[in-house]
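Colleague: Next up is a structure, given as structure tokens.
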Amino acid sequence: MQEEKQQRQNGQATLWGKPSAWLVSAALFIGLTATGFVLVSSMFGGELPRFDARLIQPQAVALILGFLAVYFVFDGLRLFFVLRTIGAGVKIREIFPLVFINILFSNVTPLATGGGFAQVWYLQRHGVAVGSSAAATTIRTILAMLAIFLVAPLFQFLHPGSSPNGFARITLQSLSGFIVLYLVGFLIVLCRPHWIAILLGRLLALASRIGILGADRRDRWTNAVQRETAEFSASFARFVRGSRLYALAAVACTLVFLLTLFAFPALLLELLDYDVDWLTVIGTLSVVTFLMYFAPTPGGAGFAELAFAGFMAGRMAPDDLLLVIFAWRFLTIYLGMAIGTIVSILVLRRKVQPG
């Protein structure tokens with residue numbers, strides 16, 4: 001009994017790390033977010049987020065709650081069906097706490113590094129093997145990235161003059177080429193992973209020869225590259241060979257989830273009595289989300305606000321810009337993080353109780 005309790009406590013320590021590190025990450029997230037709003041205000045005009053009664057009218061609240069329900073439910077379902085596709089048995093009620101745990105951890109670590117680890121940690125404690133949970137969370141991310149990286153250049157091709165902002169339009173055109181290159185690289189990793197392993201192995205060998213990298217570290221990193229590229233390709237192959245029904249359900253749920261995510265700003269603008277081109281707003285948000293994948297800050301804090309303003313400023317009055325940005329981030333990120341904090345504490349509390 002004592003040994004089992006110690007293992008559970010060790011698992012918690014591994015998940016949470018040092019409390020001071022999480023406090024620093026949280027403070028950094030809040031500070032960067034505030035800095036982002038200040039920069040948007042100074043660069044694009046407008047006052048700091050102000051209350052607007054139109055967003056709390058009964059009909060508006062009903063629509064927002066409906067969008068939130070779809071957003072959170074389909075976020076959970078996309079992982080559930082991926083797990084089922086690769087043969088991992090998990091109950092659907094066990095998935096939904098993970099939605100909020102993932103939102104919390106992925107937004108307090110740079111480049112969302114903590115989100116995947118938290119998901120593997122949680123699934124392992126619900127009977128899913130580490131290999132299966134790691135593969136499932138990777139595939140879920142891949143499906144979303146593929147959708148975003150395909151939609152963004154397609155949107156630019158079909159609506160080349162959709163952005164009223166000159167800088168945003170140039171950025172869109174530049175990103176289209178970058179996204180295509182990214183997709184080509186992804187296909188190479190997926191279909192010919194040994195090519196990437198050989199290339200990176202040679203680069204590591206070169207670094208070792210010129211004295212940048214020690215021989216032991218070179219060997220460890222080379223083995224890690226070979227192992228991870230092979231696992232990446234194999235996990236996706238398992239998904240393709242799995243149940244067609246579950247795989248299609250995972251893809252469909254991913255598309256619904258992303259569509260809802262991208263449509264939130266359009267809904268907010270509609271509620272503020274703007275004449276909204278939903279397709280253009282959804283396409284623009286796909287590009288903003290693409291950029292956020294590479295933001296080095298926790299949860300894209302600061303960067304997300306600036307990117308949104310850069311692409312969307314011309315679609316609304318300056319006084320409404322900060323309100324829409326705050327409402328968009330609150331509904332899609334801040335609310336989920338708050339719920340994730342509560343859920344994480346409850347999950348950890350259950351784990352330390354003696355069985």
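Colleague: Using only alpha carbon pairs under 8 Å that are at least six residues apart, calculate the relative contact order of the range 265-333 and give it in whole percent. Don't skip to the answer; put the middle values down first.
Modeller: On the way: 36 pairs, mean separation 23.2, N = 69.
Relative contact order for the range 265-333 comes out at 34 percent.
Colleague: I want to check the label-to-label distance for Leu146 and Asp216. Put each point 7 Å from Cα in the C-beta direction and report it in nm to one decimal.
Modeller: My value for the distance between the label points is 4.1 nm.
Colleague: Something else now. Using a 7 Å offset from the Cα along the Cα-to-Cβ direction at both Leu63 and Ala27, what is the distance between the two label points in nm, to one decimal?
Modeller: If labels sit at Leu63 and Ala27, their model points lie 4.1 nm apart.
Colleague: Another one. Pop a pseudo-label 7 angstrom from the Cα along the beta-carbon direction at both Arg241 and Arg202 and give the gap in nm to one decimal.
Modeller: 3.0 nm
Colleague: Using alpha carbon centroids, what distance separates the range 52-100 and the range 308-337, in Å?
Modeller: Going from one Cα centre to the other spans 21 Å.
Colleague: Take the Cβ-Cβ distance between Ile342 and Glu270 as r, set R0 to 30 Å, and report the resulting FRET efficiency rounded to the nearest 0.05.
Modeller: Result of the calculation: an efficiency of 0.45.
No lab work stands behind these numbers, since they all come straight from the coordinates. None of these values were measured; they are calculated from a predicted model. Heads up, the Cβs are rebuilt from the backbone with ideal geometry, glycines too, and the neighbour counts pull from every protein chain shown.
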